[in-house]
Amino acid sequence: MLNGKTAVITGSTSGIGLGVAEELAKQGCNIVLNSFTDTDADHALAARIASDHGIQAAYISADMSDGEACAALIEKAADRFDRAVDILVNNAGIQFVAPVDEFPVEKWDAIIAINMTSNFHTIRAAVPGMKAAGWGRIVNIASAHGLTASPYKSAYVTAKHGVLGLTKTVALELAEQGVTCNAVCPGYVLTPLVEKQIPEQMAAHKMSRDDVVRNVMLQRQPTRDFVSIEQVGQTTAFLCSDAASQITGTSISVDGGWTAL
Ligand code: NAD
């Protein structure tokens, strides 16, 4: 059903974004990968996905902290595959942790811009094409921190709560136009970045890998197991399917029970 559709995934050179891109490529979408760099490795990654899945893929550089660059990404993606963007996955995100009274202002601004405001800019640019086509899927990768808070993450928690508000509003505005807008709220996902932290935490706490994972990292995740990148990718692909055409304006938690606590 997704054959030949164009999917743009922001922040998709690693982690969850790359996993979402792989899953949508598997479903037959043509893929636009994005990050703020523009290296041979970025373009090689797009070529690898295209050849693995027998689809077309392109890498388009755009810095999600810049509103004009967000809009240009959508325009360039439409030009590249000669059709309006059908699927938009807002995934780019960064993190910084500090007490609120010591939180660097530039870090606050960057997190709000990349994790939240970029979603507005890409959605704003993509919606006219989706409306004209009478079909569209917008999936915002939020977080368990869109529904709950943790200390020292004021900017991240604020941005992710904002994304859920935007998700609901856009869904209502587009409800009769064949366009859905939803969020996915992952708990702790085993990305390469998280994997790297495990030996560091083992050394810091003088604990075994299992103890670090269970009692330090996944203390708030009742299953005591990481969410996988594939699980977030497959949940996103489900939200893009026909089965999900009546699911709009909501969020799906993939968090091992975190937000049930
Ligand atoms: P990651 O660091 O592996 O990937 C982030 C991606 O965003 C990278 O491709 C990076 O290049 C890109 N990016 C960063 N700044 C950018 C910018 N200014 N412009 C364009 N691209 C930019 O992180 P991840 O863990 O895969 O996180 C992806 C999303 O999932 C984020 O929105 C994050 O908040 C969310 N999330 C992650 C977890 C987790 O446990 N890893 C949990 C919940 C939600």
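Numbers for the structure displayed
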read-out: Under 18 Å from the A260 label point (7 Å along Cα→beta-carbon), backbone N, the stretch 174-200; value: 185-189
read-out: Virtual spin-label span in nm between W135 and K168, 7 Å along Cα→Cβ; value: 3.0 nm
read-out: Folded to 0 to 90 degrees: helix 229-239 orientation relative to the chain principal axis, Cα; value: 40 degrees
read-out: Karplus-derived HN-Hα couplings along the stretch 179-188 (A = 6.51, B = -1.76, C = 1.60, θ = phi - 60°), whole Hz, x at Gly and Pro; value: 10, 9, 9, 9, 10, 10, 10, x, x, 6
read-out: Cα long-axis angle, helix 118-133 against the chain (0 to 90 degrees, to the nearest 10); value: 30 degrees
read-out: Residue-span extension gain [A50 to A149] - 0.36 nm each, minus C-alpha spacing; value: 31.8 nm
read-out: Listed residues I198, I138, I111, most fluctuating in the chain (Gaussian network, C-alpha, under 10 Å); value: I198
read-out: Inter-label distance for D38 and K26, nm, one decimal - labels placed 7 Å from Cα along Cα-to-Cβ; value: 3.3 nm
read-out: Nitroxide proxy distance, nm - points 7 Å out along Cα→Cβ at E68 and R214; value: 5.5 nm
read-out: Full-stretch length increase - M207, D225 - with 0.36 nm per residue and alpha-carbon distance subtracted; value: 4.8 nm
read-out: Accessible area per residue in Å² at 1.4 Å probe, computed on the chain; value: 46 Å²
read-out: Nearest 10 degrees, 0 to 90: helix 67-81 Cα axis against the chain principal axis; value: 50 degrees
read-out: Calculated P(r) of the chain - Cα pairs past 33 Å, %; value: 18 percent
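The values are calculated or read from the model by the stated rules, or taken from the named source; none is laboratory data. Being a predicted model, the structure only gives us computed values, none of them experimental. Don't worry about glycine lacking a Cβ; one is built from the backbone with ideal geometry, like all the others, and counts go over all protein chains shown. For accessibility, only protein heavy atoms count, side chains too; no ligands or nucleic acids. Shrake-Rupley method; radii C 1.70, N 1.55, O 1.52, S 1.80 Å.
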